[in-house]
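Nothing in this text is a laboratory measurement; each read-out follows from the coordinates by a stated rule. Because the structure is a prediction, the values reported are computed rather than measured. Here the Cβ is made from the backbone with ideal geometry for all residues, glycine too, and neighbour counts use every protein chain on show.
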Amino acid sequence: MRIKPLHYGFLVLLLFWAVIGGAMASNHWITKQALPPVGTVTSLEEIKGWMTLEQIGETLSLPTQEVIRRFGLDPETDPKRKLKDLAAEQGKTPDQLKEGLIDHK
């Protein structure tokens, strides 16, 4: 029995998406990092560069304006900005910027 090229192409695509869909459904394929649960962060290592100022505040149970103040940023800074982008603007690494969370406690 010979499979037509068009049917073969559809079969390949179906199998491809079935594998990806199955991996996503079983949580083996994660495309977005999850935030740590509120109040469970025990070190600055758990604060990642992809996190926004709002997410950092939620994770540390701090108001966003307090996070902005501790980082030494302008109070008008957009809370949806990512830590890595803010650090790059200042010519620092995200780890250097995170030190501000400790220094201002």
So which chymotrypsin sites (Phe, Trp or Tyr not before Pro) in the stretch 12-90 are both in a DSSP loop and have at most 11 other Cβ atoms within 10 Å of their Cβ? none
Whole-number percent relative contact order across the chain, with pairs defined as alpha carbons under 8 Å at least 6 apart: 20 percent
How much length would be gained if the chain were fully extended between R81 and E46, taking 0.36 nm per residue of separation minus their Cα-Cα distance, in nm to one decimal? 10.8 nm
Before rounding to the nearest 500, sum -39500 (n - 2.57) across all DSSP H runs of length at least 4 in the chain and divide by the residue total; then give [θ] at 222 nm in deg cm²/dmol. -15000 deg cm²/dmol
Diffusion coefficient in µm²/s returned for the chain by Stokes-Einstein, Kirkwood Rh over C-alpha pairs, 25 °C and 0.890 mPa s, is 148 µm²/s
What number of lysine-lysine pairs in the chain show an alpha-carbon separation below 22 angstrom, given a sequence spacing of 8 or more or placement on distinct chains? 20
Taking a ≥ b ≥ c as the square roots of the Cα gyration tensor eigenvalues, with a/c under 1.5 meaning rounded and otherwise prolate when a/b beats b/c, else oblate, which class fits the stretch 44-103? rounded
If you filter the stretch 20-105 for GluC sites (Glu not before Pro), then keep DSSP loop positions with at most 10 other Cβ within 10 Å, what is left? E76
What is the stretch 1-50 by shape, rounded, prolate or oblate, if you read a ≥ b ≥ c off the alpha carbon gyration tensor as root eigenvalues and call it rounded for a/c under 1.5, prolate for a/b larger than b/c, and oblate otherwise? prolate
Suppose each label sits 7 Å from its Cα in the direction of the beta carbon; what would the D74-D95 distance come out to in nanometres? 2.9 nm
